[in-house]
Amino acid sequence: MAESTALDVQGVSKRFGGLLAVDDLSFAVRENEVLGLIGPNGSGKTTVMNLISGLLKPNGGEIFLGDRKISDRPARIIARAGVARTFQLVRILPSLTVLENVIAGAVFGHKRLWGRAVRQFALRQLERVGMGHAVDAPTASLTYIDEKRVELARALASDPRILLLDEWLAGLNPTELQIGIDLISSLREEGRTIILVEHVMDAIRSLCDRCVVMNSGAKIAEGTPEQTLADREVIRAYLGDEHA
Amino acid sequence: MDILITGVLLGATYSLIAMGLTLQYGVARIMNLANGEMLVAGAFGAFWVFTTQKLSPFTSVAFVAPGAFVLNWLIYRFLLRPLVRRAKNRGMLEVDSILATFGMAFAFVGIMLLVFGGEYFTYSYLDEPVAIFGSPFGLNRVVACLVSVALCGLLYLGLNATRTGMALRAVAVDPAAAGLVAIDVPRMSTFAFALGGAVTAVGGIVLSTFLTMDASIGIVFTMKALIIVIMGGVGDVRGAIIASLILGLAETAVASLIDPGLTLAAAYLLFLLVLLFRPEGLFGRRQS
Amino acid sequence: MTRRETVSVAMVAVALAILACLPFLVDGYLLSLAVGIAMYTVLATSWALFSGPTHYISLATAAFYGLGAYVVAAGVDVIPYAVLLGLAGIAGGVVAALVGLATLRLSGVYFVIFTLGLAELVRQIVTWVQNNLTGSRGMYVLTEITERMIFWELLALAAAVYLIGWLVTRSRLGFALRIIGNDEVVAAHVGINSAASKLALFVISGTFAGTVGAVMAPRFTYIEPSIAFSPELSFQVVIMALLGGVHRLWGPLVGVIPFTILWEVIAGRFPTQTVLLLGIAFLLIVYLIPNGVVGRIESAIKLAGRSVKHG
Ligand SMILES: Nc1ncnc2c1ncn2[C@@H]1O[C@H](COP(=O)(O)OP(=O)(O)OP(=O)(O)O)[C@@H](O)[C@H]1O
Ligand SMILES: [Mg+2]
């Protein structure tokens, strides 16, 4: 397939004091692809998401959105260019209502609605993630799973071209997980590009076109889920030497 | 050359104040806007001892230091710890402690106005010249500098060579992790706050030997201490000392070249440069 | 506009009209009290416009106010008063913009520290300029402006603050500030320019404080740096806004009225202890009613509502 590149990560590194959390990492995501970013705990996946969304600046390397360099731009500019995300540790705006939390995503960024239009649009996103019943609820009353849904609705409200999901499926029960997987694949049908950090292997197998596997900040494998999950080094990274 | 020496003498004295605030802000995480008032209170103690008891102002350390320690201990224990408890996160604590200590600052000024009145107070102690490299300097300034250097050295040793000092530094770096290794964080914070208050008050004694003060001047010293601590990098003792010297030099330069009434402007100018170019402090690593 | 909004606007308009008649009914002591209330209403409300949603505590009101007063003092003999009012507002806004540009992209602590000494800094500079240019300590502000006119001017400013506040609340800018106050990281990730939004509001509040200083200048007759840049003013504005509550546009008003009156009594009865009492009052408010009276009442209503539902 000769699809164009949506996001290109080129030799990116990130250092926290003495710790090299991301080590000369490169990968590309094609337009309308679902890419899984996997690896054991602490391998640097969230840090990569933070580098892409602009929350952190890399110490070296560059990131391109299409042919536009974004690694030196602030998060708000990257958001306006059509990158939206959820956070591993959910970030809900506590003093806003559920609907306002979602509206927040559609006003200042890639999508810039206001007034009646934004309410309707935000409502649709809430319904889409299955939260249509709790529109005016205060956020304090939400369960953790509901918070995650609201956060996804907020990300969707910007009509993102690239969606970054950091362990969004973690903690769901089997029914919810299936609903979640269906939701993500429907997002992909709409033409969005998705980067998925996930530990849930079923989700990775059914959703991802390709996977990038990280360990200690570096890429150790890349390919289809079947290939990468069977890779000896990947197994060693996850389970230790004796299993490889 | 004169500017250089006067500036260093002044800067060394400032480093004592900066130490006080570093303990309070760096360790106890309280942005104490009433810091300068504690300093002025110490200066009043020295003034009182000198004018009424005819003793060396430095003898007032005997009651100022323990008094300030106890007072600050009580303040932290009963006024600030409730705020630490009720704060849901660091940001809320910051807002609350700023407001609370701002209120305290005014209350202190009010008390001092009641007790001492609104007059300027100054006394002349060791007001005789000594020659350094051929030029005369006030002996009081030289003594103040030496006393400050000695005290700073003592504090530095205490922080680096004792168990309590280790614990304090651990809390400064990461209160949560310090708690995990069985350091009593609330107790250490209280201690740091009290000690910081005592150091600040002693700094007031030292400054009063050569500066004129009044009851409402505390805010100027609060500003200076805050600027030094930020310029040095919060919690960074070495940075604070260097920042103190820089501030001392800058103020002396402005005072002797332009106008002694503009010293705060000099401090602000430095602050502005720090904000624009090195908000993380002189030696701080850039946080992202 | 919704129906409710139309009603509120109408009510505010009527209230303003009634208040505008006040100078015909009272004078002397009561009128000066009314001027005090109107002045603090403008200052505290515009302060809360910025500090309420962002939690950035500005301690610099006196700097803008003093600057405004000085603009009038310096120009009163050569420039028409109305123009001076505008210039004072601009001066306040420009200084606020400079302070904001230096600090608002950083964490709130830097901002607070910068504003803490700002009044003192401007005072030192003004004193220095005065000493070197005019050679005198103070200046006379002699105008024909009466207390009545000052009251009307302040009333007009109050109307303007409420109007702007209301417009901001309804606007994207107001919504952006609420998001920033909740979580700056989220704000950045939904595309908000936090520094610019905060700057806009801080400039608005600086402009108002500068204008108020200019409006009040004729009342001083003689202006001296230590009077114009009194730190107590910044302090009182913060107290009153917090007492009332900063999360509603009309919250500060609820604090301003009782506090100004109380303060008149206290300042009259214990003139030497005002600073101490001010400090204590402030501490009481911070500790006992952190969300202000309005916040208290609202949570009480919410609680009552909940117990009715469940009861
Ligand atoms: N802001 C930070 N400051 C210092 N160290 C950090 C910071 N963020 C992450 N780290 C460190 O970087 C490493 C990588 O962390 P990261 O959160 O990216 O891992 P992860 O792959 O997302 O792990 P998990 O699967 O547990 O979410 C970890 O060792 C972590 O402690
Ligand atoms: Mg992670």
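A few comments on the model shown:
- Sparsely packed GluC sites (Glu not before Pro) within the stretch A:1-79, loop by DSSP, other Cβ within 10 Å at most 10: A:3
- Placing unit charges on each Cβ (+1 for Lys and Arg, -1 for Asp and Glu) gives the protein assembly as shown a dipole about its Cα centre, and among B:172, A:21, C:158 the Cα reaching farthest toward its positive end belongs to C:158.
- Within 10 Å of each Cβ in A:27-36, the average number of Cβ atoms from other chains: 0
- Taken about its Cα centre, the protein assembly as shown carries a charge dipole of about 1020 debye when Lys and Arg each add +1 at the Cβ and Asp and Glu each add -1 at the Cβ.
- Considering only beta bridges that DSSP places wholly inside the protein assembly as shown, some 65 percent are antiparallel.
- Principal-axis tilt of helix B:163-173 within chain B, Cα atoms, nearest 10 degrees: 80 degrees
- Cα centroid of the stretch C:227-241 to Cα centroid of the stretch B:1-63, whole Å: 27 Å
- The mean number of partner chain beta-carbon atoms within 10 angstrom of a residue's beta-carbon across peptide C:107-115 is 6.
- Rounded if a/c under 1.5, otherwise prolate or oblate - the protein assembly as shown, Cα gyration tensor axes: oblate
- Net charge, residue A:217 excluded, C-beta distance under 14 Å - Lys, Arg +1, Asp, Glu -1: +2
- Of the residues A:132, A:114, A:93, the one whose Cα sits farthest toward the positive end of the charge dipole of the stretch A:93-159, with +1 on the Cβ of Lys and Arg and -1 on the Cβ of Asp and Glu, is A:114.
- Placing dummy labels 7 Å off each Cα toward the beta-carbon, the span from residue C:298 to residue C:269 is 3.3 nm.
- For the stretch B:184-288, averaging the sequence separation of C-alpha pairs within contact (under 8 Å, six or more residues apart) and dividing by the residue count gives a relative contact order of 24 percent.
- Unit charges at the beta carbon, dipole of the stretch A:140-199: most positive-side option, A:163, A:142, A:196: A:163
- Helix B:2-21 vs. chain B, principal-axis angle (Cα, 0 to 90°, nearest 10): 30 degrees
- Restraint check, A:69/A:111; A:57/A:148; A:69/A:148; A:14/B:88; A:14/A:45; A:57/B:88, Cα-Cα greater than 23 Å: A:57/A:148; A:69/A:148; A:14/B:88; A:57/B:88
- Net charge dipole size for the stretch A:164-220 [Lys, Arg +1 and Asp, Glu -1 on Cβ; Debye, nearest 20]: 280 debye
- Loop-located chymotrypsin sites (Phe, Trp or Tyr not before Pro) in the stretch C:224-311 (DSSP state not H, G, I, E or B) with no more than 11 neighbouring Cβ atoms inside 10 Å do not occur.
- Shielding by partners - mean other protein chain Cβ count within 10 Å, residues of C:180-186: 6
- For the stretch C:128-234: relative contact order, % (alpha-carbon pairs under 8 angstrom, 6 or more apart): 45 percent
- Using the Cβ-Cβ distance between residue A:69 and residue B:276 with R0 set to 30 Å, the FRET efficiency works out to roughly 0.75.
- The stretch C:12-310 - charge dipole about Cα centre, Lys and Arg +1 at Cβ, Asp and Glu -1, debye rounded to 20: 920 debye
- Likely footprinting exposure, B:109, B:185, C:12, fewest C-beta neighbours within 10 Å first: C:12, B:185, B:109
- Sites residue C:15 and residue B:85 - FRET efficiency at Förster radius 41 Å, r taken between beta-carbons, to 0.05: 0.50
- Residues B:54, A:111, ranked from the fewest to the most other C-beta atoms within 10 Å, line up as B:54, A:111.
- Taking the centroid of alpha carbons for each part, the stretch C:1-55 and the stretch B:126-190 are 52 Å apart.
- Share of alpha-carbon pairs per 20 Å distance bin for chain C, given as whole %: 31, 59, 10, 0
- Per-residue ellipticity at 222 nm computed for chain A from its helices equals -10000 deg cm²/dmol, with DSSP H segments shorter than 4 residues left out and the rest contributing -39,500 (n - 2.57).
- For the stretch A:1-144, the fraction of C-alpha pairs farther apart than 24 angstrom is 43 percent.
- GNM flexibility winner over chain C from C:49, C:262, C:233 (Cα, springs under 10 Å): C:262
- In the stretch C:197-305, GluC sites (Glu not before Pro) in a DSSP loop with at most 15 other beta-carbon atoms within 10 Å: none
- Taking A:68, A:128, A:149 as the candidate residues, the one with maximal mean-square fluctuation in a Gaussian network model of chain A, Cα springs under 10 Å, is A:68.
- The simple spin-label model puts a point 7 Å past each Cα toward its Cβ; for residue C:287 and residue C:128 those points are separated by 4.0 nm.
- Among residues other than residue B:19 with Cβ under 15 Å from its Cβ, the summed charge is +2 (Lys and Arg +1, Asp and Glu -1).
- For the residues B:240, B:176, B:68, a GNM of chain B with alpha-carbon springs under 10 Å puts the largest fluctuation on B:176.
- The alpha carbon gyration tensor of chain A gives principal lengths a ≥ b ≥ c with a/c of 1.5 or higher and a/b greater than b/c, which makes the shape prolate.
- Our compactness index for the stretch B:2-277, the C-alpha radius of gyration over the empirical 2.2 N^0.38 Å, is 0.98.
- Helices meeting the span-like rule in chain C (full DSSP H runs, Cα extent of at least 24 Å along the helix axis, mean Kyte-Doolittle score of 1.0 or higher): C:3-20, C:28-54, C:81-103, C:147-170, C:194-220, C:251-269.
- Sum of side-chain charges, residue B:216 neighbourhood, beta-carbon under 14 Å (Lys, Arg +1; Asp, Glu -1): -4
- Chain B - mean residue ellipticity at 222 nm from DSSP helices (-39,500 (n - 2.57) per run, n ≥ 4, rounded to 500): -23500 deg cm²/dmol
- Note on B:69, B:44, C:202: ascending count of other Cβ atoms within 10 Å places them as B:69, B:44, C:202, the fewest first.
- Between residue B:55 and residue A:230, the simple spin-label model (points 7 angstrom out along Cα→Cβ) gives 8.8 nm.
- Using C-alpha pairs under 8 Å with a sequence gap of at least 6, the mean separation divided by the residue count of chain B gives a relative contact order of 39 percent.
Values in this text are rule-based calculations from the coordinates and carry no lab data. In this text the structure is predicted, and so the values were computed from the model without any measurement. We place every Cβ from the backbone using ideal geometry, glycine too, and count neighbours over all the protein chains shown.
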